[in-house]
Amino acid sequence: MPRSHTRRRVLLAVGAAGTATTTGCLDWLTRSASDSHRLSVSEAESAHTATEFDAYAGRIRDRYGPHGVWGIQNGNQDPGSSERLALVGAWSDQWVLGSPAEDEGIHVPIDIAAVLYRVEAPDDRTEEQATHRLWMWTAATPTQPDDGAGSTTLTTLSVGVELERGVLGSYSPTTSIGPDDAPVGIGLDGDPPVPQARRRLPAGRIQPDPDETTEGKNGACVLNWSGGHGTTVSVAGVCELRRQPDRDYELTVTSDASASQGTL
């Protein structure tokens, strides 16, 4: 099991134990939930064609508005559009934090997507390593009760990638960002300087996880949002990947979330 996934599971188990000791006394006032979802990204097999992913991004924008895959800058347009970037593949999934929709309790539908591009070398240059860029995104909207009692607050949301083989280079965003810094700009320096996008940040802060983000061979990049918000939150980022030309990537993109219900 990858190192960061193991660490998350330990933290989730500790959180669940703490919740179990309090719910008997405080009932629904202290309900909480934490979980994660893994999306396998195989360079050899894309889940979506370019046309299919454009349609998916359109549906996601209808659902999340400016918190969609490409943020507020480009609508449904792929911000990776460039003569120097070639789409390798795109993947997506949806999962639910908490209880089923028909049951009482926390219910947070969460979407996750990843898009992999190959950086084309100029005609006059030969690359020793194949260079790629990975766009990763996740968004969540807590379901709120019709009567307003026991509202759900999203407290953490993250998206990250772990390389099983390859080298993780630069990534964005690189620092802690709050609402005063919004819209959050995401993009890499260099040639070509894409994909790029701008995103809203209604509350809380987004930053790379200092314990789980490591550049280099078999590296990882995890972007965390933390705060307290009762409507849509999204997290997105981009990172540069390098590998030997004769090998394919096997990546794991992970979405983690936690939420609480009620107030003390």
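Can you list the residues, at least 5 places off or on another chain, whose amide H is less than 5 Å from the amide H of residue 151, using H built in the peptide plane?
Here 262 satisfy the definition.
Once amide H atoms are placed 1.01 Å from N in the peptide plane, what residues at a sequence separation of 5 or more from residue 204, or on another chain, have their amide H within under 5 Å of its amide H?
Distant-sequence amide H within range of residue 204: 228.
Tabulate in residue order the Karplus-calculated ³J(HN,Hα) for region 153-165, using 6.51 cos²θ - 1.76 cosθ + 1.60 with θ = phi - 60°, rounded to whole Hz; enter x for Gly and Pro.
Those phi angles translate into 10, 6, 10, 9, 7, 9, 9, x, 9, 10, 8, 8, 7 Hz.
Rounded to whole Hz and in sequence order, give me ³J(HN,Hα) for region 209-222 from the Karplus expression 6.51 cos²θ - 1.76 cosθ + 1.60, θ = phi - 60°, writing x for Gly and Pro.
5, x, 8, 10, 9, 9, 7, x, 4, 6, x, 8, 9, 10
Assuming R0 = 22 Å, what is the FRET efficiency of residue 84 and residue 55, from their Cβ-Cβ distance, to the nearest 0.05?
Result of the calculation: an efficiency of 0.35.
What list do you get for 199, 61 if you sort them by fewest beta carbons within 10 Å?
Lowest to highest Cβ neighbour count: 61, 199.
7 Å from Cα along Cα→Cβ at both residue 40 and residue 176: what's the point-to-point distance in nm?
3.8
Just so you know, all these numbers are worked out from the coordinates, no wet-lab data involved. Bear in mind that the values here come from a model prediction, so they are computed numbers and not experimental data. Here Cβ is always computed from backbone atoms with ideal geometry, including for glycine, and neighbour counts include all displayed protein chains.
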